[in-house]
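As structure tokens, the structure follows; a few thoughts come after it.
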Amino acid sequence: MNQEHTSVPYYLPIGDEVEIFQAAYGCRLPVLLKGPTGCGKTRFVEYMSYTIMSEGEKGKRAKGEKGGEGVAGNLITVACHEDLTGSDLVGRYLIKGDETVWIDGPLTQSVRLGAICYLDEIVEARKDTIVLIHPLTDHRRILPVDKKGEILEAHPDFLLVISYNPGYQSILKDLKHSTRQRFVTIEFTYPPRDKEAEVIAHESGVDLETALDLAKLGEKVRHLKASGLEEGVSTRLLIYAGQLMQRGVRPRRACAVAVSRSLTDDVDSQRAIDEVIHAIFP
């Protein structure tokens, strides 16, 4: 569905990702966002969507044109999963009353309106579904709608963005090279401590000193990944811990329920994380 923001979504740039995305959008090059869970990929897309929409509206006003649905920056997000079919993306016929009507799927809506279509965790989708996006990612920029016998040319403002977490790669869940090589790739990782603390403080409302302690916790827990932890703690979970603290939950308990218990069910790993928590929040 379209997401409209009444204010700018908060995003703190870490490198040159904003400039790269803007350049890719200017060329209408499809974009792949690659990085671990909870590192800000979705928020980045929301931020860029708002930024591009604002610039598009300004450009139209400068030319005396009206803004509207075709203005770039509308964002349609699809959370991909293993049961996602081509019809889920493109659309299907449905019976309404005595008639059969066609309902556009989110990808078709994006192509028609000139929106940014964000396919989150693309590797979770079925491979035959992923192949559907190929004609939209090269010079053709078309979407075949087989059930209607129609070929849609993408709106000039349409952009396809996909993401995935390389930490979950496997033989069964990986992007084919034929898909990967159609995208400009922006790599994401967790921010350095000072910047992560800024994000935690802004999003959770805790003071900067507490946010720095939470960011320090994040760093140390991520180092435990080499000791058997499947994945490091996300910035999102650190924000959750901060929000719980703001609601009066003791720091150790907030970190336990938001970090150690959320990351793993392994008792030894939980104990190792709890020791780090106790060292930072005595």
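The values are calculated or read from the model by the stated rules, or taken from the named source; none is laboratory data. For clarity, every value in this text was computed on a predicted model and none was experimentally measured. Every residue, glycine among them, receives a Cβ derived from its backbone with ideal geometry; neighbour counts consider all protein chains shown.
Worth pointing out:
- Scanning the stretch 234-279 for residues that are closer than 26 Å to G35 by Cα, outside any helix (DSSP H, G or I) and not small (G, A, S) returns T264, D265, D266.
- Unmet criterion (only one of (1) in contact (Cβ under 8 Å) with a residue 12 or more places away in the chain; (2) in the same structural domain as H139 (by TED's automatic domain parsing)) for A211: (2)
- Among the residues of the stretch 230-256, those that are in contact with a Leu (Cβ under 7 Å, 6 or more places away or on another chain) and of a type in the set (A, V, I, L, M, F, W, C) comprise V233, L238, A241, A254, C255.
- Spans of strands (runs of 3 or more DSSP E) in the stretch 128-194 with at least 3 residues surrounded by fewer than 16 Cβ atoms within 10 Å (Cβ to Cβ), over 20 Å from the mean Cα position of the chain (by Cα) and not hydroxyl-bearing (S, T, Y): 150-153
- Hits in the stretch 71-106 (condition: buried (at least 19 other Cβ atoms within 10 Å of the Cβ), part of a strand (DSSP E or B) and modelled with pLDDT under 90): A72, N74
- Tally of residues being exposed (fewer than 15 other Cβ atoms within 10 Å of the Cβ) and at pLDDT 95 or above across the stretch 227-251: 4
- Selection status of G205, surrounded by 15 or more Cβ atoms within 10 Å (Cβ to Cβ) and on the phi > 0 side of the Ramachandran plot: yes
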